[in-house]
Amino acid sequence: MKPSKPVILTGVRANNNIHIGNYFGAILPIINMAKRRSDEYDINLFIPDLHSFTTPIDHSKLYDSILNNARVYTAAGLPLDNSSIHLYRQSRISAHSELAWILDCFTGFGEMSRMTQFKDKGSKGDASVGLFNYPVLMAADILLYGATYVPVGDDQTQHLEFTRDIAERMNRKFGERMNYDKFVDLFIVPKPVIQQHQFFGKDQGLRIKDLVNPAKKMSKSDESGKGIIFLSDDPKSAHKKIMSATTDSIGKVQYDKENQPGISNLLEILTLVRQDAGREVTLEQTVNEYFGMDRYGDFKRIVADEVAEFLENFQNRLAAVDERAIEEKLASSEKDMNVVANETLYRVQKAVGLRK
Ligand code: ATP
Ligand code: MG
């Protein structure tokens, strides 16, 4: 199995605590992109499970959270029968680890030390070597499949630039000179960040806010959890969380992110859950529908009811997911991707002198 089309690659982190911010801000956009682009592109959706413990985790929960991701994607509408969409676990394709090691040996210590994410996360306490050089593993994840497009958030742009650097460095050093002047590259270099943004559109701007503190985004690592709606929340308790969401003293429903961040957030959430229910509504329409309403309690009840309904529907879909179909999809994608990845790995092993 050889990918005949250019490759879009994106990682789907193993995570048991998925909240509505992750769902509407990351999961649904990926699924929609995959559906829209799979005629022209191969879509590699992989679960970067080897990246899961660059920082300490509860390992007894890892296996389940890996599968949980595949389940959530399926419940959210990922078409498992689309043969251009590949769903696979990084750890099941050993070429990732093997290529990462080879790339490690061509990566400068100083180069990794400059990665801002390591400086942020790794400067305190006992950071692991895995956290230090995970951008190299990420480069392997991308280069093994010759991916041209990789959606990157702001925290990953430097790592994509590194991937391009190491690919170009290896191409210069090990590209094969054919006949007189034709160079055959070792790696396909992914497009630069600006072109990634042009390709994917900058609609990654959606940020659902914390319900208790709408000045900051909803984040799973928030300690209290009171301002977060998890996909696994009991609909009744999610209802309560919305009812006690922080609002303001202006007392009129309006979309004003600056002065009424809480209400604006609820308007956005309401629009998203309605869209998820198949209604073709825009934020503007929702805003117009409730504009000027002066009883926040009534407004919140509407949002709370519809969020509870969304959770109930989603949880029903999740419970109905066909586990066998997921296992089969993983197995067949992993078989295919091993072939693609090993082809690249062998080429590299040959280039560096490990194979004839
Ligand atoms: P952490 O607190 O550990 O950083 P998180 O809740 O921010 O967790 P991540 O795992 O960092 O979630 O992010 C997973 C994906 O979800 C990313 O693509 C991120 O951009 C997106 N995402 C996270 N939070 C939100 C949010 N509040 N609104 C929209 N998208 C979000
Ligand atoms: Mg985050």
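Quick note: the coordinates plus some simple rules give every number you see, no bench work behind them. Only a predicted model underlies this, so the values are computations on that prediction, with no experimental measurement involved. Methodologically, a virtual Cβ is constructed for each residue, glycine included, from the backbone with ideal geometry; neighbour enumeration extends over all protein chains shown.
Taking every alpha-carbon pair under 8 Å whose residues sit at least 6 apart, region 40-139 reaches a relative contact order of 39 percent. Take every Cα pair under 8 Å whose residues are at least 6 apart in sequence, average their separation, divide by the length of region 234-356, and the relative contact order is 28 percent. Estimated from helical segments only, the mean residue ellipticity of the chain at 222 nm is -15500 deg cm²/dmol, where each DSSP H run of four or more residues counts as -39500 (n - 2.57).
Residue pairs exceeding 26 angstrom between C-alpha atoms, taken from 121/241; 216/236; 226/257; 61/220; 220/335: 121/241; 220/335. Within the listed set 184, 303, 193, the residue fluctuating most in the Gaussian network model of the chain (springs between alpha-carbon atoms under 10 angstrom) is 184. Taking 260, 195, 158 in turn, the Gaussian network model of the chain (Cα-Cα springs below 10 Å) assigns the largest fluctuation to 195.
Could you tell me which of rounded, prolate or oblate describes region 199-315, using a ≥ b ≥ c as the square roots of the eigenvalues of the alpha-carbon gyration tensor, with rounded for a/c under 1.5 and, failing that, prolate when a/b is larger than b/c and oblate otherwise? It comes out rounded by the Cα gyration axes. Taking only Cα atoms and a 10 Å spring cutoff, compute GNM fluctuations for the chain and point out the largest among 13, 36, 274. The residue with the greatest mean-square fluctuation here is 36.
Please report the antiparallel percentage of DSSP beta bridges with both residues in the chain, rounded to the nearest 5.
Of all bridge pairs located within the chain, approximately 30 percent are antiparallel.
If you average the sequence gap of Cα pairs under 8 Å that are 6 or more apart and divide by the length of the chain, what percent do you get for the contact order?
21
Pair-distance distribution of region 1-110: all C-alpha pairs, bin width 10 Å, starting at 0; shares per bin in whole percent are 13, 40, 33, 14, 1. Each principal axis of the Cα cloud of the chain was evaluated for its coordinate range; sorted largest first, these ranges are 77, 43, 41 Å. Could you compute the longest span of the chain free of chymotrypsin sites (Phe, Trp or Tyr not before Pro) located in DSSP loops and having at most 15 other Cβ atoms within 10 Å, not counting the site residues? The answer is 181-290. Report the GluC sites (Glu not before Pro) located in region 155-225 that are in a DSSP loop and have at most 12 other Cβ atoms inside 10 Å of their Cβ, or state none. Answer by residue number: 223.
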